[in-house]
Structure formats: C-alpha cells, structure tokens
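A short write-up of the structure that comes next.
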Amino acid sequence: MGSSGDAWKLKDHPKLPKGKTVAVIVLDGWGEAKPNEYNAISVAETPVMDSLKQGAPEHWRLIKAHGNAVGLPTEDDMGNSEVGHNALGAGRIFAQGAKLVDLALASGKIYDGEGFKYVQECFEKGTLHLIGLVSDGGVHSRLDQLLLLLKGAAERGAKRIRVHALTDGRDVLDGSSVGFMETLENDLAKLREQGVDARVASGGGRMYVTMDRYENDWDVVKRGWDAQVLGEAPHHFKDPVEAIKKLRQEPNASDQYLAPFVIVDDNGKPVGPILDGDAVVTFNFRADRMVMLAKALEYEDFDKFDRVRVPKIHYAGMLQYDGELKLPNKYLVSPPEIDRTSGEYLVRNGVRTFACSETVKFGHVTFFWNGNRSGYFDEKLEEYVEIPSDSGITFNVKPKMKALEIAERTRDAILSHKFDQVRVNIPNSDMVGHTGDIKATIEACKAADDGVKMILEAIEQVGGIFLVTADHGNAEDMVKRNKKGEPLLDKNGNIQILTSHTLEPVPIAIGGPGLLPGVRFRTDLPTGGLANVAATFMNLHGFEAPSDYEPTLIEVVDN
C-alpha cells in the first residue's frame, strides 16, 4: 500500500461508534496459570485484575502468546516481548526466529545481506569462527542450519573455518552430543577434501560454557571466552568426538555441563583461537542465551570479567538478539519486514495516539509495536513518552519500578482529551520475574495492578473503553518443574527458581462505560492469539480491520 490517503482508509464498523477514548494496556510477563505459592500473580494482591477475571465471562478470556501464534517455529518456543509486541501491533503473524533463518538460507538471501558481506571481508586473510549450540533441538539453533552455513561460507571464499561447539542435552537427549559432533566432523572432513581448512576449535556444555542468560553468571561466558578467544581450557584434545566421549566419563558429567575443552595440534597448540582480523558468527537464532557473549564480543567498555585480549574482529549474530540495545550491530538475517501496522492505520484515520512506558519496554510500545520502525507516523497526532528506568540496580531492589509514573502520565493523557488511544506497557511482572526473586515479583505484580487501577479510573471519568492484555507469561510460574508438574529441587533440596518466560496463555479483558452492552468475546475463536488483538481494538475505535488482519476477538449482539 502506498501512502496515498485512500489506500489507508479504514471502513467504519457497522455497529460500533467512533470517538471513544480507548486504553490499550499491556502487562509484560503476566500469564495465566493455576494458583499456587510459586505463582506470583495469584499470590499478589491484585484486586483490579481479579475483578476483571471474575467479571462477565464475555469480557475476559485467554489468548496464546507463544509458538506459532507469534510466528515462532514450534509450540515449544516461548514468546518474548519483541515478537509479542510485533504481533499486538501488526495484527498479523510474521515469521520469526528459526523460520526466518530457514527462509534466508533456502533462498540464499542470507549471503546477500550486509551482515554476511561484513564477515566475508575477513575471508581472504582471516578465519571464520562459528560459535553456537550443536544439536537439532530447534530451540536455540539447528545443526542443519549450521551445516548449510558452513557450506555456503566455503563456497563464498572462506578458506579457514573454526567451529566452537556447545553441547546440548537440554533440548535433546543427554548423550546425543556424540552423534551431533560426528555429523559435524563428517561435514568438516568433506570441506577439508575440497581444500578448506575447516575444524572444530573448542567446545563445552551449554549450561557451563557461554550460554548463560539474564546476567545470571558471567563465569559461564568467561569459560567460553577463555576457550574460544584465548585458546585456554582445562582439557586439551586432538579430536572433538574423543573429547566429548572422554569428558562424559567424568563423575556427574552430562552434555549440558561438559567441561570446556580446546582442540590442539600435534605440538599441543590450540588450532583456533580468535585473533585480530578474524570473523565471528554466533549461529544461535534464539536471543536470550547469546546476548551476554554478544556484549563481550562487541562492547569496548566491557567490565563483567577480564577479557585479557580483545581481538579486532568482524562480528555478526545469526539475528539481532536485542532490538533495544541494537545488539549485535551486524546480523545475517534481518527481522521480519512488517508493514501496515495498526498504529499507522489508526493515525492515518485521524486517531490521536499516546504511547508510554519506562525505558526497558519503551521500544515495545513504539518501535516493535510499529513493525520494527522508529519515530512517529504523524507528529501532530502522536506523542510517545519514555520514563527513565532505574539504573545501576537489579529490578527486584525496587520492584514497583515506574508503574505509577507510567499510570500517572497515561491518566493525564486520558483526562486531557487530546488522545483517542493511549497504549502502555507496564513491565514489572516481567522484569522483576526475570530476577527470580519471588517475594519481589509478588510486590511487582501488585504495583502493576495499582497502575492498571489508575488508568481504568481515568477511562471511567471520560466514558471510555479499556482493553487489558499481556505479551507473554513469566511471573505466573517462578519454579522449574518436572514432567509431572512438580517443583524441581537442587542437590541441597531447595526449589529451582525459574527466571524465564513461560508457555502459558495470557488474559485479555475489555470493559469501560463506553463499551456497548452487546459487545462480547466471540466463542468461535478458541485458539485466538496476540495477533487477534489489533483487529479487536480497531473495532473499539469504530473501524473494521483490514481484510488480511487476524480476525477480531469480539462481536456485537443485538440485545
């Protein structure tokens, strides 16, 4: 669609009036699970969200926020804030993560992009290093993608290639690492026959080497750095398959926690430390366990551990792992090209919009909501407000975060009558949930509920409508569980805390004095997801969504 006015014109909804102020509230990391002591949301004092849930069933339901519903390849893929807000804002499902990589590899587009060309500049004189998880688990990476990338890089001039292999045993069976390494070695041997110097250079188990997340334990990243960059590890081997077999014989050894090793030549010298002039690609497509290494590879003023030597390299991720931090700066596969977002449609149809969050989620109600696009569609009709997040502390220290400041600014925007839509993200249940501090997360959920209360009271005053939802689960389950759903314990008998997102559905609630009595959630969309939300709030503004949007969740019944 061009930018000519007619192309953007939305049809009026036959039964819903225009002109009501609509508040769209996203509670970050607020999933729905059975109440128990590890469900911070159910334990917390949340009278407002409770009342929405206990209200009319036609005004409260659950929707999917993970897997295929947000463009991720499998139903085992947890949703996250980026893909969640992409879906909420775009009203359609776009391929994300592994799917994007598959498409880019199949079409060869991966080799035409800026990211690959950047690493290719080092092929003539330097070594190409590939770091990532070697398995077919499909959660963080896939072996077939690595093998295609090896072949493609060799065909495009890579003369020296080194793989830094992390063993899995978490998304696949423990012990399967031997078979995966044999497959990889087989392909590297074929490349060697073609004259490419291609070898495994180092390795280690994913939970002990490199793949930590949420800055939980920088020692994990340091062990990887020492092996991959410095060529230093407690174990030296000439053959990677033998390395895994030997290290698995150690007491309590497993693929996940395999000790770091380096591969050495006949003189005992490491075959592949990362040096000046080399190229590095982290080939995991999933972000959460690559961000910390990306920081170590990319940041000049890095202070989390002593890197000893910081090689001048050309580094690219398989994808960009953090859209907010622009990390890494270069990547092989671009995020999805999302056009015609709900935000742009509404602005072009005269809907005056206010968007607000604090720093950690500000980009989610602006950049990601608008299809990975910065800036305003129309400065005269939009106002985006960023409230600075607390810095220099972990979020559990001040679990209220900026929930009340966000709510106050939003309340003032509603009462000013300058805006037709206010959209906010209240981050508490996600950001504090990631710290694993259950007590603080309970407090965080209460603060989020207090924020919702203030916004809904303002909507009440102006006769408006509200839509409250979430982008993915987190705070509703704070403990790791076995297959039966029972909490897992560590060696000392303490519960193992869960700090990640979940696969749980999220609530969506509608209401407010401006909502017509006949509006209710449809019963014929049992598997609705986040992408259905855009058409829903477009209806609340009195418009019909574009025909290719995911269907609305509401209908109007004549009383």
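The values are calculated or read from the model by the stated rules, or taken from the named source; none is laboratory data. Computed from a predicted model, the values in this text were never measured in an experiment. Please note: Cβ atoms are built from the backbone with ideal geometry, for glycine as well, and neighbour counts cover all protein chains shown. Note: areas computed on protein heavy atoms with side chains; ligands, DNA, RNA excluded. Shrake-Rupley method; radii C 1.70, N 1.55, O 1.52, S 1.80 Å.
Among the residues of region 239-253, those that are under 33 Å from the mean Cα position of the chain (by Cα) and open to solvent by 60 Å² or more (accessible area, probe 1.4 Å) comprise Arg248, Asn252.
Just so you know, in region 254-284 the residues that are out of contact with any Lys or Arg (no Cβ under 8 Å at 6 or more places or on another chain) and over 20 Å from Lys222 (Cα atoms) include one that is least open to solvent (accessible area, probe 1.4 Å), and it is Gly268. Right, Gly317: open to solvent by less than 10 Å² (accessible area, probe 1.4 Å), closer than 24 Å to Glu408 by Cβ and of a type outside the set (S, T, N, Q) or not? Here the answer is no, as Gly317 does not meet what is asked. Every condition in (1) at pLDDT 95 or above; (2) assigned to a helix (DSSP H, G or I); (3) within 15 Å of Lys361 (Cα to Cα); (4) under 24 Å from the mean Cα position of the chain (by Cα) holds for Val424 except the one numbered (2). Comparison of Gly91, Gly108 shows that the only residue that is on the phi > 0 side of the Ramachandran plot, open to solvent by less than 60 Å² (accessible area, probe 1.4 Å), small (Gly, Ala, Ser) and touching a helix residue (DSSP H, G or I) at 6+ places or on another chain (Cβ under 7 Å) is Gly91.
Residue-by-condition table, conditions (1) open to solvent by 40 Å² or more (accessible area, probe 1.4 Å); (2) free of Cβ contacts under 8 Å to residues at least 24 places away in the same chain; (3) under 21 Å from Gly343 (Cα atoms):
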{"position": "Tyr384", "(1), (2), (3)": "no, no, yes"}
{"position": "Ile393", "(1), (2), (3)": "yes, yes, no"}
{"position": "Pro399", "(1), (2), (3)": "no, no, no"}
{"position": "Arg411", "(1), (2), (3)": "yes, no, yes"}
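Among the residues of region 524-559, which ones are at pLDDT below 95 and of a type in the set (S, T, N, Q)? Thr527, Asn559 - these are the residues of region 524-559 that are at pLDDT below 95 and of a type in the set (S, T, N, Q). Do you know which of the residues in region 97-147 that are assigned to a helix (DSSP H, G or I) and acidic (Asp, Glu) is nearest to Phe180 (Cα to Cα)? Taking the candidates together, the pick is Asp144. Touching a Ser or Thr at 6+ places or on another chain (Cβ under 6 Å) and either part of a loop (DSSP other than H, G, I, E, B) or exposed (fewer than 13 other Cβ atoms within 10 Å of the Cβ) (or both) - does that describe any residue in region 37-60? Within region 37-60, not a single residue is touching a Ser or Thr at 6+ places or on another chain (Cβ under 6 Å) and either part of a loop (DSSP other than H, G, I, E, B) or exposed (fewer than 13 other Cβ atoms within 10 Å of the Cβ) (or both).
If you go through region 281-305 and pick out every residue that is part of a loop (DSSP other than H, G, I, E, B) and either touching a residue at least 12 places away in the same chain (Cβ under 8 Å) or on the phi > 0 side of the Ramachandran plot (or both), you end up with 10. If only residues of region 220-237 that are of a type outside the set (D, E, K, R), in a loop (DSSP other than H, G, I, E, B) and free of Cβ contacts under 8 Å to residues at least 40 places away in the same chain are counted, the one that is surrounded by the most Cβ atoms within 10 Å (Cβ to Cβ) is Ala233.
Among the criteria (1) surrounded by fewer than 24 Cβ atoms within 10 Å (Cβ to Cβ); (2) at pLDDT 95 or above, the one Gly436 does not fulfil is (2). All told, Lys20 meets the bar of being in contact with a Gly (Cβ under 8 Å, 6 or more places away or on another chain), assigned to a loop (DSSP other than H, G, I, E, B) and modelled with pLDDT of 95 or more.
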